[in-house]
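First comes the structure, then the notes that go with it.
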Amino acid sequence: MKAPVAVKNGNYLFPLILVTSLFFLWGLAYGLLDVLNKHFQEMLDVTKARSTLLQAAYFGAYFLVAYPAGLFMNRFGYKKGILLGLLLYAIGALLFYPSAQLLNFNFFLVSLFIIAAGLACLETAANPYITVLGKPETSEFRLNLSQSFNGVGSFLGPIIGANLFFSGNSKDLSSVQYVYLIIGAIVLVMFGLFFKTRLPEIEEDALASDVSQIKKQLFRHANFVNAIVAQFFYVGAQVGIAALFINYCREAVRSMSNMEASYLLSLCLILFTAGRFAGTALMKKIAPHRLLLIYAIINFSLCVIVIWVKGWISVYSLVAVFFFMSIMFPTIFALGVKDLGHHTKKGSSFIIMAIAGGACMPYMMGRLAESSTAHAYIIPMICFSVVAYFGWKGYKTK
C-alpha cells in the first residue's frame, strides 16, 4: 500500500469543518440513549439496574473496538477509519427497526452495541485527527471547539425523545423505529460525502512541541497513562449522571412527569453545550489544565448537594453539574495525546477504550439507586476527585 502523503501547506479548514460534523452525529446517538433508559423501563418492563445495560452495551463497545480501530487506522489512515465507523453506525441504527418489531430488549442491546462500535471507530479517528490539524499548542482549543457540536447533538436527543417516546400517543416502539431509520439514512449520506472527499494525512512527529518526547515508548508518557485513568472515571461520571437523571428528578420532585424531566435533561445538555463554547473561550485566558481542575472541584461540591439535600435545590445542582462537565472529555483527551508523535493514533485508541468507564459506573449507580437514587451520586463525586488530580498534576508530560 502506498504511504499517505502529509500535507505541508497547513490548509486544514475544510477537513476541520467536515470532521467536526461527525461530533454532532455521535452526540445525537448519546442524547437519545439516556431517554431510552426510562422508555424501555416502561415499555419492556425492565428494572432500573437492567436498563443501564444499554450504557454497558454502548460503552462496552468502546472498550472492545477502540484498540482494533486504532490498529486499523494506523495502517490505513484517518479517512478509512472514519468510513468504517460510519458504516457500522448506519447498520446498527437500521437494526433498531426489527428489534422494535420483536419487542426484545436483548436485540436492542446488540443493535446499540453495533452503533457504539461505529462510534468507537469515529472517535478513535476524529479526536486525534482534530488535535493534529494545526499547531500543538492550540490542540485543546480546537478539540473543545469541535466537541461543542457534540453537545448540540446531545441536547437535541432528549428533545426528540420527550416528544416522540413519552408523548401521549406513544403506546409502542414505532417512534423508536422511525427515529433510528432516519438517523441511519443520514449517516449513509455522510458516508457518501466522506467517501468522495480527500482528507489529508498528517505526520504527527513533525507537529510535536517537544522532540525528546517522541522517542519514548508509549506507556512511558506519564500524561498519556494518567489521561486513561482520568478519562475512565470522567466518562463513568458523565454517563451515570445522565442515565439516572430522570429517575433522580422524579424522586426529588414528586410532581415532575417523565416528559418534564426529559425536557429538563435537554436543558442540561444545552448548558453542557454552552459550557463547551464558554470553556473554549476561557482557554484563551486560563490554561486548560487549570480550568479542568477548577471545574472538577466545583462538580465535586455540587455532587455533595445532590446526595444529601432534597427538593429543587438538589435538582438545580444536578443541572449545574452538566455545565462544568463540558470541557472535561476533550481537555483530558488533548492533554493525554500531547507530544505522542507517531504514537498518537495508537495512544488515542487507549484513551477511547477508557470510555468503558461509561459501562461500569452506571451499573454500579443503578444497583445503589434501587434503594436511593440520590445515594448513587456518591460514585460521580469520587470520579470528579480523580479528574481534579489530573488537572492538578497528572497532565504533565515530564
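The values are calculated or read from the model by the stated rules, or taken from the named source; none is laboratory data. Note that the structure is a prediction, hence the values are computed from the model and not measured. Neighbour counts run over all protein chains shown; Cβ positions are idealised from the backbone, glycine included.
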query: Any residue in segment 264-271 that is surrounded by fewer than 20 Cβ atoms within 10 Å (Cβ to Cβ), more than 21 Å from the chain's Cα centre (by Cα) and over 19 Å from Ile379 (Cα atoms)?
result: no
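May I ask you to say which residue of Phe245, Phe300 is aromatic (Phe, Trp, Tyr) and farther than 19 Å from Ser51 by Cβ? Quick ask: steps written out before the conclusion?
Working: Phe245 fails: farther than 19 Å from Ser51 by Cβ.
After applying the criteria, what remains is Phe300.
Looking at Ala100, Ala120, Ala90, Ala116, can you tell me which residue is within 20 Å of His343 (Cβ to Cβ) and not basic (Lys, Arg)? Outline the logic, then answer.
Numbers: Ala100 fails: within 20 Å of His343 (Cβ to Cβ); Ala90 fails: within 20 Å of His343 (Cβ to Cβ); Ala116 fails: within 20 Å of His343 (Cβ to Cβ).
When all the criteria are applied, what remains is Ala120.
From the list Val132, Val46, Val110, pick out the single residue that is at pLDDT 90 or above and of a type outside the set (S, T, N, Q). Show your work before the answer.
On the way: Val132 fails: at pLDDT 90 or above; Val46 fails: at pLDDT 90 or above.
Val110 is the lone residue from the list that is at pLDDT 90 or above and of a type outside the set (S, T, N, Q).
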- request: List every residue pair whose Cβ atoms lie under 8 Å apart, where the two residues are 6 or more positions apart in sequence or sit on different chains, the first residue falls within segment 325-354 and is free of Cβ contacts under 8 Å to residues at least 60 places away in the same chain, and the second residue, located anywhere, is buried (at least 24 other Cβ atoms within 10 Å of the Cβ) and basic (Lys, Arg).
  value: none
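Rundown of residues vs (1) among the β-branched types (Val, Ile, Thr); (2) under 22 Å from the mean Cα position of the chain (by Cα); (3) outside any helix (DSSP H, G or I); (4) closer than 16 Å to Ile378 by Cα, yes/no style:
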{"position": "Ile228", "(1), (2), (3), (4)": "yes, yes, no, no"}
{"position": "Phe233", "(1), (2), (3), (4)": "no, yes, no, yes"}
{"position": "Ala237", "(1), (2), (3), (4)": "no, yes, no, yes"}
{"position": "Gly240", "(1), (2), (3), (4)": "no, yes, no, yes"}
{"position": "Ser255", "(1), (2), (3), (4)": "no, no, yes, no"}
Matching option when the condition is surrounded by 17 or more Cβ atoms within 10 Å (Cβ to Cβ), modelled with pLDDT of 80 or more and closer than 22 Å to Ile332 by Cβ, among Phe194, Phe149: Phe149
statement: Within segment 87-103, residues in contact (Cβ under 8 Å) with a residue 24 or more places away in the chain and not in a helix (DSSP H, G or I) come out as Leu103
query: Which condition breaks for Leu292 when tested against (1) buried (at least 23 other Cβ atoms within 10 Å of the Cβ); (2) free of Cβ contacts under 8 Å to residues at least 24 places away in the same chain; (3) not aromatic (Phe, Trp, Tyr)?
result: (2)
Among (1) crowded, with 22+ Cβ neighbours inside 10 Å; (2) modelled with pLDDT under 90; (3) among the small types (Gly, Ala, Ser), the one test that Ala237 misses: (2)
- prompt: Any idea which of Phe329, Phe324, Phe277 is aromatic (Phe, Trp, Tyr), surrounded by 19 or more Cβ atoms within 10 Å (Cβ to Cβ), closer than 27 Å to Leu119 by Cα and at pLDDT below 95?
  reply: Phe329
